[in-house]
Amino acid sequence: MRLEDVHSPEDIKDLSWEELTDLAGQIRSEIVSTVSHRGGHLASNLGVVELTLALHRVFDMPEDKIVFDVGHQSYVHKLLTGRYWRFRTLRSFGGLAGFPKKSESPYDVFETGHSSTAISAALGLARARDLQGKTHQVVALVGDGALTGGMCYEALNDAGNAETRMIVILNDNEMSISPNVGGLSRHLTDLRVSKGWWSTKRRVRRLEKVPVIGKPLYRFIHLSKSFVKSWFVDEGFFSALGFHYYGPIDGHDLKSMEHTFRLARESEGPVVIHVLTHKGYGYEKAEEHPEQFHGTPPFYVETGDARKAKKLPGYGEVMGEELAELAQKDPRVVAVSAAMIGGTGLTAFQKRFPERMFDVGIAEGHAVTMAAGLATGGMRPYFAVYATFFQRSYDQMIHDVAMQGLPVVFLLDRAGLVGEDGATHHGVFDLAAMLPVPGMTILAPRDLQELRLMMRWTIDAPGPVAIRYGRHPEDMEADYPCKRFSVGKWEPLERGKDCALFCVGSMNPIGAEMHRLLRAKGIEAAVINCSTVKPLDLELLHCMTDRPWFTLEEHLLSGGFGDTVTAACREQGWPAPAACFGIPETFVQHGSRRQLLKYLGLDAEQLTERVAAILKDR
C-alpha cells in the first residue's frame, strides 16, 4: 500500500505484516525527507513508527482517545490520519504544526508541547468518559524522559489509587532531550536489560512448535507468565501504584505490540505497557546521534550536516563559555539543567566541571528550589532553561528564591518568538511573570557581546537575576561597540530629537534599522538599549519624555516592559509613551521568526510606518 493512499487508520487495519513493514519504511522515508527540508523532531518520530502503526490498528480512533506527551513524536500519527498531502508544510507558516493541534484533525484530542502532562490529561479524559457512561479507551503515550517530571508521579498515583481504566504506554528509548537521569531511569534500565526474562520468553515461544507436548506445555507456562516474569523482572514500582504492568516488549515488533495492546484493552483497571524503542531507528545518522537529531534544523540526508552553516555562535553557546570561565575562577559556581544540557549550551561546562553540573531531569520546579538550596548553602547556582519551560517553576521562583533574596541566576534561553515550534514554545510570558516580583533583577542583552558582560556581572549579584535572550543571535559590535554594562543604566545607541525608541533585547537591531529608515523620512529617532528591564533607568527615561517616545519588546504587551514603563511614568507624572509595540494578547502560531514579526506588525519596515503615522498625526 502506498502511504499517500492512507486517509485514515481504517486503511491500515487489514494490511498484512509484509505490507505493514513496507508502509513503515515509506513513513520513515517521508519523515526524513520532510524534516531534512523543514527541520523538526526527527529521532523521536523515527523511533515510534511501528508503535504508532500498532496503536492505530488496535484502537478505534478518534472514538478512542490518545494523548501524546510533549507531542514531538506525533508525525507518524499525522501521516496516518489524513494529513499526508499537507505533511510537507510541517512547521511552516500556515502549515501543519509540529505538535498535536485540535484545529488540524479530530484525531488530535489534546494539544501538548511541554513534557509530563499526558497522564494527567488522559486521566481527566477517562474520568469524563466514566461520568458520561461511555466505554471508549483512553491512552497516554509517554516517553521515559517524561517520567522524570513530577506531574507524571502525581497522575500515576491518582489513577492507580482510583483504579481508573486507562492505558499508559511507556516509550522507553533511554533519552529525553539529554540522556535521562535519576532513580526511575535506573529502574527502567534494570527492566530493559533483564536478559533472563527475554531469553526465557523466546525459549517458551519455541516450545509451541515441539510435537505432541509443545502446545500444552506452552499454554501451561503462558498461564504462569506472571510467576515467570516476577522471577526475572522487578515490576514493583508500577504495581505498587496500582497499575497492571505489561512488558518490556520490543517497540519495533508489530506483532508483539498488537498482541499486548489487545490484552490491555480487556483490562478493567489502569495499565502500563513498557515498550522499548530506539530513537532515530531506520536512519543511521539519527541512530548514532539521537540528541543532535532530537530537534534539528534542515539538513542534508546523505551526511546529516545542517543545510545552513551557523554564522554566529548561539546565545546559549556564548553563555556556556562565560559560565565555564566564571567557574574556573570561582569554585562556588554551579550549573543546573532540566534535561537540557545540550539545548541550553551547557555541554562545555559539563565537560570541564562534571561535578558541578546538576541535571535534574524534566523537573523545572525542583530545579529552582534545589538551586535555592545550593545558594543557601553558599554556592552560586545558574539555572539554564528555555523561557517557555521556566513557566513551570513560577511558584518556586517566587516562594523559594525571591522571597529569600537568594543569588540564583535564571538564564532564559529562547525568549521571544522561537519560530517553527509555535505557541507552546514561544517565550513571551516571562517578563509578565517576573516584573512584579520584589527584588528581581531582569536583564536582556542586545547582542552576544553584551551577554558576556552581563554574565560577568552576575557573579557578585546580591539577589536573584534573570537574563533573557532569544534563539537568533545578534552581533552589533561593528556599529555599536559594547564596552561596559551597568545594571539600571540604559545605553543610547543613536541620538535623535524627533522621537525616542526604547528597545528591549532582540528589538535593538530592529530599532537601529528603524533609525535609518526614519532618517530617510526626515525623522531623527533616538534609539535606547534598555538592557536592564528591571530596575528601570528612570533618569534617562525622564530625559527622553520631552519628545514622543515608544517602547519595543518581543514579548506580550500585557504585563510587559511597555506596561511597566507606562505605570512608572504615570506614578512620576511624566508623559506616557505615544505607543507600545509588542505582541498582542494571542497565542502566536508557528513560522519563521521573520514571518512572525511581519505577521504581528513588528518588523522594522512596519514599525517605521506606524511611528511615522503617529508622529504625523500629533
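Numbers below:
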item	result
Unsatisfied cross-links (Cα-Cα over 30 Å) in the set LYS255/LYS279; LYS13/LYS308; LYS102/LYS134; LYS285/LYS351; LYS101/LYS279	LYS13/LYS308
Local electrostatic count, ALA43, Cβ distance below 9 Å [Lys/Arg +1, Asp/Glu -1]	-1
Beta bridges by DSSP in segment 491-617, antiparallel share as percent, to the nearest 5	20 percent
DSSP bridge pairs, segment 315-468: antiparallel proportion in percent, nearest 5	5 percent
Percent of beta bridges antiparallel (DSSP, the chain, rounded to nearest 5)	15 percent
Helix-only CD estimate at 222 nm, as mean residue ellipticity for the chain, using -39500 (n - 2.57) per DSSP H run (n ≥ 4)	-11500 deg cm²/dmol
Ranking of ARG468, ARG83, ARG519 by count of other Cβ atoms within 10 Å, fewest first	ARG519, ARG83, ARG468
Leading residue at positive end of dipole, the chain (Cβ point charges), from HIS366, VAL35, THR112	VAL35
Separation between Cα centres of segment 449-516 and segment 107-122, rounded to whole Å	38 Å
Nearest-ten-degree value, helix 254-265 long axis tilted from longest Cα axis of the chain	90 degrees
Cα-based helix-to-principal-axis angle, 364-376 vs the chain, degrees rounded to 10	60 degrees
Sequence of HIS7, HIS590, HIS56, HIS366 once ranked by neighbouring C-beta atoms within 10 Å, starting from the fewest	HIS7, HIS366, HIS56, HIS590
Among (i) 34.7; (ii) 47.7; (iii) 31.0, the entry that matches mean projected area of the Cα convex hull in nm² as calculated here	(iii)
Rounded Å value of the spacing that divides the Cα centres of segment 66-93 and segment 564-618	34 Å
Using alpha-carbon coordinates, inclination of helix 508-520 to the longest axis of the chain, degrees	50 degrees
Residue order, fewest to most surrounding Cβ atoms within 10 angstrom, among GLU268, GLU63	GLU268, GLU63
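Read the figures in this text as sums done on the coordinates, not as results from a lab. Predicted model, so just to flag it, every value in this text is computed and none were measured. Positions of Cβ are backbone-derived with ideal geometry, glycine not excepted, and every protein chain shown enters the neighbour counts.
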